[in-house]
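Enquirer: Pasting a structure here, questions to come.
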(Lines give C-alpha, C1' and ligand atoms only; values in the text may rest on other atoms or scores of the structure.)
Protein backbone atom coordinates (compact mmCIF):
# COMPACT_ATOMS: atom_id res chain seq x y z
CA UNK A 1 0.00 0.00 0.00
CA UNK A 2 1.32 3.40 -0.99
CA UNK A 3 1.30 6.29 1.49
CA UNK A 4 -0.03 9.62 0.33
CA UNK A 5 0.52 12.93 2.03
CA UNK A 6 -1.60 16.05 1.97
CA UNK A 7 0.18 19.14 0.72
CA UNK A 8 1.03 21.97 3.09
CA UNK A 9 -1.71 24.55 3.60
CA UNK A 10 -0.73 28.04 2.44
CA UNK A 11 -2.29 31.46 3.06
CA UNK A 12 -4.41 31.35 -0.09
CA UNK A 13 -6.15 28.18 1.12
CA UNK A 14 -7.66 30.12 4.04
CA UNK A 15 -9.45 32.63 1.79
CA UNK A 16 -13.14 31.90 1.23
CA UNK A 17 -14.23 31.71 -2.38
CA UNK A 18 -17.87 32.81 -2.45
CA UNK A 19 -18.27 31.16 -5.87
CA UNK A 20 -18.26 27.77 -4.11
CA UNK A 21 -21.39 26.00 -2.88
CA UNK A 22 -22.68 26.80 0.60
CA UNK A 23 -21.80 23.25 1.72
CA UNK A 24 -18.20 23.61 0.50
CA UNK A 25 -17.85 26.96 2.28
CA UNK A 26 -19.31 25.47 5.48
CA UNK A 27 -16.86 22.55 5.33
CA UNK A 28 -13.91 24.84 4.63
CA UNK A 29 -14.72 27.05 7.63
CA UNK A 30 -14.94 24.02 9.91
CA UNK A 31 -11.80 22.39 8.49
CA UNK A 32 -9.66 25.53 8.74
CA UNK A 33 -11.06 26.74 12.08
CA UNK A 34 -10.32 29.48 13.15
CA UNK A 35 -8.41 30.75 10.12
CA UNK A 36 -10.89 30.82 7.23
CA UNK A 37 -11.16 34.45 6.17
CA UNK A 38 -12.46 36.98 3.72
CA UNK A 39 -12.18 40.74 3.38
CA UNK A 40 -14.89 43.30 3.91
CA UNK A 41 -14.33 47.02 3.44
CA UNK A 42 -10.59 46.27 3.04
CA UNK A 43 -10.36 44.65 6.48
CA UNK A 44 -9.58 41.01 7.17
CA UNK A 45 -12.51 39.09 8.65
CA UNK A 46 -11.96 35.64 10.16
CA UNK A 47 -15.15 33.65 9.82
CA UNK A 48 -15.81 31.39 12.79
CA UNK A 49 -19.37 30.14 12.39
CA UNK A 50 -22.00 30.14 9.65
CA UNK A 51 -25.33 28.46 9.03
CA UNK A 52 -26.65 27.34 5.65
CA UNK A 53 -30.13 28.67 4.90
CA UNK A 54 -32.53 26.38 3.09
CA UNK A 55 -35.45 27.61 1.01
CA UNK A 56 -37.86 26.24 3.64
CA UNK A 57 -36.13 28.19 6.43
CA UNK A 58 -36.30 31.41 4.44
CA UNK A 59 -40.04 30.93 3.90
CA UNK A 60 -40.85 29.63 7.41
CA UNK A 61 -38.95 32.34 9.29
CA UNK A 62 -40.17 34.99 6.86
CA UNK A 63 -36.69 36.45 6.31
CA UNK A 64 -36.71 39.68 4.38
CA UNK A 65 -33.92 39.27 1.87
CA UNK A 66 -32.98 41.03 -1.32
CA UNK A 67 -33.74 38.36 -3.91
CA UNK A 68 -32.60 40.23 -7.03
CA UNK A 69 -28.89 39.75 -6.20
CA UNK A 70 -27.86 36.37 -7.52
CA UNK A 71 -24.07 36.80 -7.66
CA UNK A 72 -22.14 35.05 -4.86
CA UNK A 73 -20.51 37.01 -2.04
CA UNK A 74 -23.10 39.77 -1.71
CA UNK A 75 -25.00 40.77 1.43
CA UNK A 76 -28.71 40.19 0.82
CA UNK A 77 -30.08 40.60 4.33
CA UNK A 78 -29.45 41.63 7.93
CA UNK A 79 -31.32 39.71 10.62
CA UNK A 80 -31.34 41.14 14.15
CA UNK A 81 -30.24 38.66 16.81
CA UNK A 82 -29.01 36.27 14.08
CA UNK A 83 -26.52 37.70 11.61
CA UNK A 84 -25.71 38.73 8.06
CA UNK A 85 -27.11 36.81 5.08
CA UNK A 86 -24.62 36.30 2.23
CA UNK A 87 -25.13 34.70 -1.18
CA UNK A 88 -23.08 31.70 -2.37
CA UNK A 89 -23.17 29.62 -5.54
CA UNK A 90 -26.13 27.64 -4.15
CA UNK A 91 -27.97 28.52 -0.92
CA UNK A 92 -27.43 31.68 1.11
CA UNK A 93 -25.65 31.50 4.46
CA UNK A 94 -25.99 33.42 7.72
CA UNK A 95 -22.73 34.73 9.14
CA UNK A 96 -23.14 33.99 12.86
CA UNK A 97 -19.67 34.60 14.37
CA UNK A 98 -16.58 36.35 13.06
CA UNK A 99 -13.53 38.28 14.19
CA UNK A 100 -12.69 41.56 12.53
CA UNK A 101 -8.98 42.42 12.57
CA UNK A 102 -8.09 44.32 15.73
CA UNK A 103 -11.38 43.42 17.43
CA UNK A 104 -12.61 40.62 19.67
CA UNK A 105 -14.76 37.73 18.51
CA UNK A 106 -18.28 38.99 17.88
CA UNK A 107 -21.62 37.51 16.94
CA UNK A 108 -25.14 38.50 15.96
CA UNK A 109 -25.98 42.16 16.72
CA UNK A 110 -22.44 42.97 17.86
CA UNK A 111 -21.10 41.69 14.55
CA UNK A 112 -23.61 43.78 12.61
CA UNK A 113 -22.61 46.89 14.61
CA UNK A 114 -18.87 46.33 14.09
CA UNK A 115 -19.09 45.67 10.36
CA UNK A 116 -21.84 48.20 9.68
CA UNK A 117 -22.84 46.19 6.58
CA UNK A 118 -24.99 47.52 3.78
CA UNK A 119 -27.32 45.27 1.79
CA UNK A 120 -25.90 44.91 -1.72
CA UNK A 121 -22.23 45.23 -0.71
CA UNK A 122 -19.78 42.46 -1.58
CA UNK A 123 -17.34 40.39 0.45
CA UNK A 124 -14.02 39.97 -1.39
CA UNK A 125 -12.35 36.66 -2.23
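Enquirer: Just the residues that are free of Cβ contacts under 8 Å to residues at least 40 places away in the same chain, surrounded by 13 or more Cβ atoms within 10 Å (Cβ to Cβ) and farther than 13 Å from residue 44 by Cα, please, taken from region 98-113.
Expert: 106, 108, 109, 110, 111, 112
Enquirer: Is it true that some residue in region 4-13 is in contact with a strand residue (DSSP E or B) (Cβ under 9 Å, 6 or more places away or on another chain) and under 25 Å from residue 71 (Cβ atoms)? Show your work before the answer.
Expert: Residues of region 4-13 that are in contact with a strand residue (DSSP E or B) (Cβ under 9 Å, 6 or more places away or on another chain), as a first pass: none.
No: zero hits.
Enquirer: Right, residue 109: modelled with pLDDT under 95 and part of a loop (DSSP other than H, G, I, E, B) or not? Before you say what the answer is, go through the steps one by one.
Expert: On the way: modelled with pLDDT under 95: yes; part of a loop (DSSP other than H, G, I, E, B): no.
Taking the combined requirement at face value, the residue does not satisfy it.
Enquirer: If I filter region 33-62 down to residues being assigned to a loop (DSSP other than H, G, I, E, B) and within 19 Å of residue 89 (Cβ to Cβ), which single residue comes out as farthest from the chain's Cα centre (by Cα)?
Expert: So in region 33-62, the residues assigned to a loop (DSSP other than H, G, I, E, B) come out as 33-36, 41-42, 53-54, 61-62.
Of the ones still in play, those that are also within 19 Å of residue 89 (Cβ to Cβ) are 36, 53-54.
Working: 36: 9, 53: 12, 54: 15 Å.
Step by step, filter region 33-62, then rank; the result is 54.
Enquirer: List the pairs whose first member sits in region 1-20 and is free of Cβ contacts under 8 Å to residues at least 12 places away in the same chain, whose second member is surrounded by 10 or more Cβ atoms within 10 Å (Cβ to Cβ) and outside any loop (DSSP other than H, G, I, E, B), and whose Cβ atoms are under 8 Å apart, counting only residues at least 6 apart or on separate chains?
Expert: none
Enquirer: Okay, next question. Given the options 81, 41, 49, 89, name the one that is on the phi > 0 side of the Ramachandran plot, touching a residue at least 40 places away in the same chain (Cβ under 8 Å) and surrounded by fewer than 19 Cβ atoms within 10 Å (Cβ to Cβ). First the steps, then the outcome.
Expert: Working: 81 fails: touching a residue at least 40 places away in the same chain (Cβ under 8 Å); 49 fails: on the phi > 0 side of the Ramachandran plot; 89 fails: on the phi > 0 side of the Ramachandran plot.
Selected residue: 41, the only one of 81, 41, 49, 89 that is on the phi > 0 side of the Ramachandran plot, touching a residue at least 40 places away in the same chain (Cβ under 8 Å) and surrounded by fewer than 19 Cβ atoms within 10 Å (Cβ to Cβ).
Enquirer: Let me ask you something else. Looking at 29, 58 in this structure, which one is within 21 Å of residue 103 (Cβ to Cβ) and crowded, with 16+ Cβ neighbours inside 10 Å?
Expert: Values: 58 fails: within 21 Å of residue 103 (Cβ to Cβ).
On inspection, the qualifying residue turns out to be 29.
The values are calculated or read from the model by the stated rules, or taken from the named source; none is laboratory data. A quick note: this is a predicted structure, and the numbers were derived from the prediction, not measured. Note that we place each Cβ from the backbone using ideal geometry, even for glycine, and neighbour counts take in every protein chain shown.
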